[in-house]
1. Over segment 1-111, what is the mean sequence separation of C-alpha contacts under 8 Å (at least six apart), divided by residue count, expressed as relative contact order in percent?
2. Please build a GNM for the chain, connecting alpha carbons under 10 Å apart, and tell me which residue among Val91, Val115, Val62 fluctuates the most.
3. Taking 25 °C and 0.890 mPa s as the conditions, I'd like the Stokes-Einstein D for segment 87-165 in µm²/s, using the Kirkwood hydrodynamic radius from alpha carbon pairs.
4. Can you list the equivalent-ellipsoid semi-axes of the chain, largest first and in whole Å, using the square root of 5 times each Cα gyration tensor eigenvalue?
5. If the chain between Thr47 and Val164 were fully stretched, how many nm would it gain, using 0.36 nm times the residue separation less the Cα-Cα distance?
6. Could you list the residues of segment 90-120 with an amide nitrogen less than 12 Å from a label point located 7 Å from the Cα of Ala145 in the Cα-to-C-beta direction?
7. State in Å² the accessible area per residue of the chain; use a 1.4 Å probe, count heavy atoms of protein chains only, and round to the nearest integer.
8. Please give the net charge around Met157, taking every other residue with its beta carbon less than 14 angstrom from that of Met157, where Lys and Arg add +1 and Asp and Glu add -1.
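The values are calculated or read from the model by the stated rules, or taken from the named source; none is laboratory data. Please read all numbers here as calculations on a predicted model, not as lab measurements. Reconstructed Cβ throughout: ideal geometry from the backbone, glycine too, with neighbour counts over all protein chains shown. Note: accessible area is taken over every heavy atom of the protein model, side chains too, but ligands, DNA and RNA are not part of it. Shrake-Rupley method; radii C 1.70, N 1.55, O 1.52, S 1.80 Å.
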Amino acid sequence: MGKLTVLALRAVLVALLAGSVFVQTVMVSLLAVDLRQLDADMAHLRTPFLVITVLGIVTIQVVLVCVWRLVTMVRRGTVFSPTAFRYVDVVIGAFVAASLLVFTLGVLLAPGEAVAPGVVLLLGGFAVGVLGVALIVLVLRMLLAQAIARDAEAARMQAELDEVI
């Protein structure tokens with residue numbers, strides 16, 4: 001990975017992380033003020049909705065930090081090591097948590113007439129999509145494991161060849 005690519009990716013990660021912190025601090029506060037105006041029959045959804053929103057943003061931030069660490073490992077040439085699994089596993093866990101949060105939001109909004117059934121269906125579909133991303137990252141983790149195994153085998157074979165020569 002070239003220096004320019006790493007620099008561009010880090011710039012994007014910093015922008016996304018700064019934006020998520022802004023949303024988490026300013027926009028969620030404004031959302032909390034807006035949610036105070038809910039009808040009495042919907043007031044019980046205010047706190048769960050805010051908690052789900054903040055936790056959803058935290059999952060995004062966790063993924064961004066882990067991608068930063070993985071990019072650092074790529075730049076140093078150490079990504080093909082067992083240490084990378086820790087970050088990939090955290091990314092998978094964050095996507096699963098985000099999927100559960102979206103599903104929980106759909107369950108909270110499903111009863112009553114507050115939102116249209118189509119919105120709840122869209123949230124369910126989005127939850128399945130986020131879970132699909134977690135499964136894709138899991139497949140990429142398996143590819144990383146294969147690459148690490150092949151790298152170790154190549155190093156072993158190179159050592160044997162060096163002994164012969």
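1. 32 percent
2. Ranking Val91, Val115, Val62 by mean-square fluctuation puts Val115 first.
3. Details: Rh = 15.4 Å.
Approximately 159 µm²/s, per Stokes-Einstein.
4. Details: eigenvalues 373, 70, 21 Å².
For the chain, the semi-axes come out at 43, 19, 10 Å.
5. Going from the current span to full extension adds 35.2 nm.
6. Under cut-off, by backbone N: nothing.
7. On the way: 10590 Å² over 165 residues.
Normalised by residue count, the accessible surface of the chain is 64 Å².
8. -3
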